[in-house]
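Colleague: Right, I'll just put the structure down here and ask away after.
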Amino acid sequence: MAAPVVVLLRRPNAAWILATLVTWTAFAISLTLMAQVLNEGAFVYPIGGWAAPWGIEYRLDRVGALMLVIISAIGSVVMPYAKASVEKEIPRDRVYLFYTMYLLCLTGLLGIAITGDVFNLFVFLEISSLSSYVLIALGRDRRALTAAYRYLIMGTIGATFYIIGVGLMYMATGTLNMADLATLMPSVIDQRTALAGLAFLTVGISLKLALFPLHLWLPNAYTYAPSVVTAFLAATATKVAVYMLIRIIFTVFGATHILEILPSVQSILMAFALVGVFVASGVAMFQDNIKRMLAYSSIAQVGFIMLGISMLSTLGLTGGIIHLFNHALTKCTLFLAIGCVAYRIGATRIGDMEGLGRQMPWTMAAFVIGGLSLVGIPMTVGFVSKWYLVLAALDKGLWPVAGLIVIGSLLTLIYIWRVVEAAYFKPVPEGAPAIEEAPLSMLIPLWVTAAASIYFGIDASHTLDIAIGASETLMGETLP
Amino acid sequence: MEYFNGLFNYWVVIVLMMMGFYVVIAQHNLVKKIVGLNIFQVSVFLFYISMGKVEGGTAPILGDGIEIYSNPLPHVLILTAIVVGVATTALGLALTVRIHNAFGTIEEDEINALEDEESAPAILVEPEIDEEAIR
């Protein structure tokens, strides 16, 4: 899109203005597309006028439209915030490159949500991944470099696994178009080629979405990346990978009922999701660095989303999709709040945040809202999605799973509480320099996401309608 | 024997794939890891190319006497994948250069040891101006 132009501009302010315009336009376009999908149903745009299955097509249905809105909304909300934060954290001569990479990453992520071709998806995946490695490497700390390197190795392995899977699917069916694959898949699913393809795809994407135990790249990458990057990637990158998995399981392999034929796969996914929730929450409790703590919490939340998906029911999938949306909002709020803290005090350790609730009241209040939402307190978005996940578990008769979801949410409370305690109940350390509230340009985006996570918690009907519609579409494709 | 010869390409692919994968996991030198990653990716390229080849087929061009031709699509796809692979390698090597500048070593064990020492608040490293690393 506009990324190359940003390189040419080279001036930080001009680059920022252009990038902001582009993200806001993208947001407007995706809202329009969303409205169109809701009114008229899924539609297809063949690139270059070549009809599928020969040409590559963009295909947009409810799930895709929802993803599009999430990504572009986060992208555009983060942008005004980025200005102050980036100037603080990234050397001036590189600021324009930051915006370039940011836009490239956004392009890739949006492309993944909209494409209807499995190989095209790989290309977009690599666009977004390569640019996100660079974004992470822009962090001030030198450990950001190793974090980016590790992410690069793991990410490339994931992407290569994905492409092997695509190759095997192509061998079995002779097509790369998702809709076409879905119709051909039932006839070849008995072959080992197709099954091996599914296996490679699942493992590859699971690496990307940081499903426990394939999450090792994530904590460091999120901890040492610049605040803006963390907020953006945490809210979008793993979510997009989840979306890819949903696409593969339900759209491409949907008609084969593959997971119902192989219940062991389903239970493995569910087990990994649950173990991920508990291990990651447990590790998060003992972290001193808040960014790292939230990164582990991201892994736990991905576990919740996967749990919803692995239930293979409309209710479970609704829970998963809505948690995807809600968690994107919540995590964005939290990381933006931490970004404000980092902007003022230059550190993100719990010990450094003592008494901060009085010095930066607005920032910390937003953090508390985000935290409550992460726990799943009523009136916040987190409650809605946890509620649906529990409902789905009960619906399937999985009482222990429902109980574990509740316990897992309570674990969240423990680590969020540690921050709240430090910020509100500890006195300001003596001799500490006076700290001002974060600048307005950072507070406004922060409060937009915080307010959104309350608004969609109280009035969940819009998001719920979309999520239910989306999961019905997906499950509908599973029916023969 | 027929089983082996008929699928010779695929055996090579699997051997290469496992070699590359093993190198990525087992090596502690960052450059060697990237070499492993490349071998891993190349095996996938080979896989796609063998897949599209039709026995006795030529390039898919219009011309006299050409009746059997190979499936061009996987070959085109892999052209894209090669480009992606080159980009990944470039980025990986660029990161390695910067890691070397920042840590003074590219052995993973030594870097881990250095990182553990930095349990204190983040040490700021002056980022070098390195155009290549940024791309």
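Where a number appears in this text, it was derived from the coordinates with a stated rule and is not lab data. Predicted, not measured: the structure shown is a model, and the values here were computed from it. Positions of Cβ are backbone-derived with ideal geometry, glycine not excepted, and every protein chain shown enters the neighbour counts.
Colleague: Going down the table (A:208/A:291; A:208/B:53; B:32/B:53; A:208/A:396), which pairs top 24 Å between alpha carbons?
Modeller: Flagged as over cut-off: A:208/B:53; B:32/B:53; A:208/A:396.
Colleague: Of the peptides A:189-201, A:100-112, how do they stack up when ordered by the mean number of other Cβ atoms within 10 Å, highest first? Spell out each step's value before the answer.
Modeller: Working: A:189-201: 18.3, A:100-112: 25.2.
So the peptides A:189-201, A:100-112, ranked by packing, come out A:100-112, A:189-201.
Colleague: Ranked by Cβ crowding within 10 angstrom, fewest neighbours first, how are A:417, A:24 ordered? Display every interim value, and only then the final one.
Modeller: Values: A:417 13, A:24 16.
Least to most surrounded, the residues fall as A:417, A:24.
Colleague: Here's a follow-up. Can you tell me how the stretch A:105-243 classifies by the Cα gyration tensor, rounded, prolate or oblate, using a/c under 1.5 as the rounded cut? Could you put the intermediate results ahead of the total?
Modeller: Details: a/c = 2.89, a/b = 2.08, b/c = 1.39.
Prolate, since a/c reaches 1.5 and a/b exceeds b/c.
Colleague: With the Cα gyration tensor of the stretch A:68-177 giving a ≥ b ≥ c as the square roots of its eigenvalues, does the rule (a/c under 1.5 for rounded; else a/b larger than b/c for prolate; else oblate) give rounded, prolate or oblate?
Modeller: Since a/c reaches 1.5 but b/c is at least a/b, the shape of the stretch A:68-177 is classed as oblate.
Colleague: To make sure I understand, if each residue's beta carbon is the centre and we count other beta carbons within 10 Å, what order do B:53, B:33 fall in, fewest to most? Can you show the working numbers first?
Modeller: Working: B:53 14, B:33 23.
Fewest to most other Cβ atoms nearby, the residues stand as B:53, B:33.
Colleague: Also, quick follow-up: Relative contact order, percent, of chain A when contacts are C-alpha pairs under 8 Å separated by at least 6 residues?
Modeller: Dividing the mean separation by the residue count of chain A yields 15 percent.
Colleague: On a 0 to 90° scale, report how tilted helix A:381-395 is relative to the longest principal axis of chain A, with both axes built from alpha carbons and the result rounded to the nearest 10.
Modeller: With rounding to tens, the tilt is 40 degrees.
Colleague: Relative to the first principal axis of the alpha-carbon coordinates of chain A, what is the inclination of helix A:95-114, with its axis defined by its Cα atoms, in degrees from 0 to 90 and to the nearest 10?
Modeller: The angle comes out near 30 degrees.
Colleague: Then there's this: Expressed as a whole percent, how much of the Cα-Cα distance distribution for the stretch A:237-378 exceeds 19 Å?
Modeller: So the portion of pairs separated by more than 19 Å is 56 percent.
Colleague: Please report the spacing between the Cα centers of the stretch A:310-354 and the stretch A:379-429 in Å, no decimals.
Modeller: 13
Colleague: Relative to the longest principal axis of the C-alpha atoms of chain A, give the angle of the C-alpha long axis of helix A:361-375, reported between 0 and 90° and rounded to the nearest 10°.
Modeller: Between the helix axis and the principal axis of chain A, the angle is about 30 degrees.
Colleague: Sort the following peptides by mean Cβ neighbour count (other Cβ atoms within 10 Å, averaged over residues), highest first: B:40-48, B:75-83.
Modeller: B:40-48, B:75-83
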